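Engineer: A single structure is presented below for examination.
The values are calculated or read from the model by the stated rules, or taken from the named source; none is laboratory data. Every value quoted in this text rests on a predicted model; they were computed, and no experiment measured them. Don't worry about glycine lacking a Cβ; one is built from the backbone with ideal geometry, like all the others, and counts go over all protein chains shown. Surface areas here come from the heavy atoms of the whole protein model, side chains and all, with no ligands, DNA or RNA. Shrake-Rupley method; radii C 1.70, N 1.55, O 1.52, S 1.80 Å.
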Amino acid sequence: MDYVALGHEPAIRLSVFGGVLFAMATWELIAPRRPQTIGRRVRWPNNFGVVIVDTLLVRVIFPTTAVGLALLAEAHGWGLFHSVELPTWIVFVASVVLLDLAIYLQHVLFHAVPALWRLHRMHHADLAFDVTTGFRFHPFEILLSMLIKLAVIAALGTPALAVLVFEVLLNATSMFNHGNVRIPQKLDLVLRWMIVTPDMHRVHHSIQSAETNSNFGFNLPWWDRLFGTYKSQPSAGQEGMTIGIEQFRDPRELRLDRMLVQPFHGSVGSYPLGQRTGQP
Ligand SMILES: [Zn+2]
Ligand SMILES: [Zn+2]
C-alpha cells in the first residue's frame, strides 16, 4: 500500500493541488468572505508564476525530494524513529504532528530573524487574501524551508508515507486557510480546534504588526494556543481589516518581477518580532 502511494507521488500531488484549488476558487465565487478590491486578473498570473518558479528551482537544486530522503533514511536506519521500537501507527501520527510543529516553529523564525523576515514578507505583501496567497512564497524561502524539512526528516527518521501525507495535507490546508470564503461563525469556531480556518489565518495577514505576529499555524491550530500566539479575530473585524504590510502597497508590487526583488528592497521595517514599534 505504501509503495502504491509512493509510486504515484506526482499524480497524487498534482490532483490534490488541482482539486483543492478548483474547489476553493469556486467557493470564493459563490460565498466570498470579503469583497476583493483587486481582481484575479491582476494577482493570479503573478501568484501562479511564483509557484512555477518555486517548483522548478526546488527540482533543479535539490538532489532528492523529501519523500526520497525519508526512503533513504528508512534504508539506512537513520533518525530517532528507526532507533526505537514503537507501533507503526504511533510513528506515523507522531511524524505528521512533529513535522507540523517544525513548520510552525520555522514560521515563527521567519518572523523573528530580520533577514528571514525579508524573504517571508513577500507572502505578506499580497494586497488581497485568497487561495493563491496560499502558495505565494519567495523562492529563497522555499529553498530554506526545504533544507529545514530535510534536516527534520533525517533527524526523526519519519516514514516516507507520513512525509507524503504531510506534504499533500499542508499544501491542501494552506490553500484552504487562505481562502476568501465565508464559513458560518459557529462552524468556524468548532473547526478551528481541529484545523486552521481562513478566518483564523487571515488575522496573520493584517497590516497591524501585533496581528501579523500571531496565528503562525498552517495546518494544526494547537501550536498557537499552546505557545500563546493565538488571536481569535482582527481588531478591525474580518471585513474592515487591511490586508498586507506597510511596505509594498503599490499595486505594481503584485507583479512577479517586483515580488522576486522585494527581499532586497527598502529597510527591514518594524514587523520582525521584538522590533515592534512602541517597544523599548
Ligand atoms: Zn507569516
Ligand atoms: Zn499566509
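Engineer: Tally the residues that are assigned to a strand (DSSP E or B) and exposed (fewer than 13 other Cβ atoms within 10 Å of the Cβ), restricting the search to the stretch 32-65.
Structural biologist: The number of residues fulfilling the criteria is 0.
Engineer: Now for a separate question. Got a number for residues in the stretch 194-219 being within 20 Å of residue 166 (Cβ to Cβ) and away from ligand 2 (no atom under 15 Å from the Cβ)?
Structural biologist: Going through the stretch 194-219 one residue at a time, the tally reaches 1.
Engineer: Given the structure, is residue 152 of a type in the set (A, V, I, L, M), in contact with a Leu (Cβ under 8 Å, 6 or more places away or on another chain), under 15 Å from residue 103 (Cβ atoms) and within 16 Å of ligand 1 (Cβ to nearest atom)?
Structural biologist: no
Engineer: A further question on this structure: Can you name the residue in the stretch 248-270 that is of a type in the set (A, V, I, L, M, F, W, C) and open to solvent by 60 Å² or more (accessible area, probe 1.4 Å) and, of all such residues, is farthest from residue 36 (Cα to Cα)?
Structural biologist: If we take residues in the stretch 248-270 being of a type in the set (A, V, I, L, M, F, W, C) and open to solvent by 60 Å² or more (accessible area, probe 1.4 Å), then 264 is farthest from residue 36 (Cα to Cα).
Engineer: What's the total number of residues in the stretch 177-194 that are over 13 Å from the mean Cα position of the chain (by Cα) and not in a helix (DSSP H, G or I)?
Structural biologist: So the answer is 8.
Engineer: Look through the stretch 210-224, keep the residues that are in a helix (DSSP H, G or I) and farther than 16 Å from residue 240 by Cα, and return whichever of them is least open to solvent (accessible area, probe 1.4 Å).
Structural biologist: 224
Engineer: Taking the stretch 94-134 as the search range and keeping residues that are of a type in the set (Gly, Ala, Ser) and open to solvent by less than 20 Å² (accessible area, probe 1.4 Å), which one is nearest to ligand 2 (Cβ to nearest atom)?
Structural biologist: The selected residue is 134.
Engineer: While we're looking at this one, here's another question. Go through the stretch 225-247 and give me each residue that's open to solvent by less than 50 Å² (accessible area, probe 1.4 Å) and modelled with pLDDT of 95 or more.
Structural biologist: Selection gives 229, 234, 237, 238, 241, 243, 244, 245.
Engineer: For the stretch 135-147, name all the residues that are open to solvent by 30 Å² or more (accessible area, probe 1.4 Å) and within 16 Å of ligand 2 (Cβ to nearest atom).
Structural biologist: Matches in the stretch 135-147: 142 only.
Engineer: Considering only the stretch 148-182, how many residues are without any contact (Cβ under 8 Å) to a residue 40 or more places away in the chain and open to solvent by less than 30 Å² (accessible area, probe 1.4 Å)?
Structural biologist: 0
Engineer: Here's something else I'd like to know. In the stretch 195-209, how many are closer than 26 Å to residue 96 by Cα and either of a type in the set (A, V, I, L, M, F, W, C) or assigned to a loop (DSSP other than H, G, I, E, B) (or both)?
Structural biologist: Residues meeting the conditions: 5.
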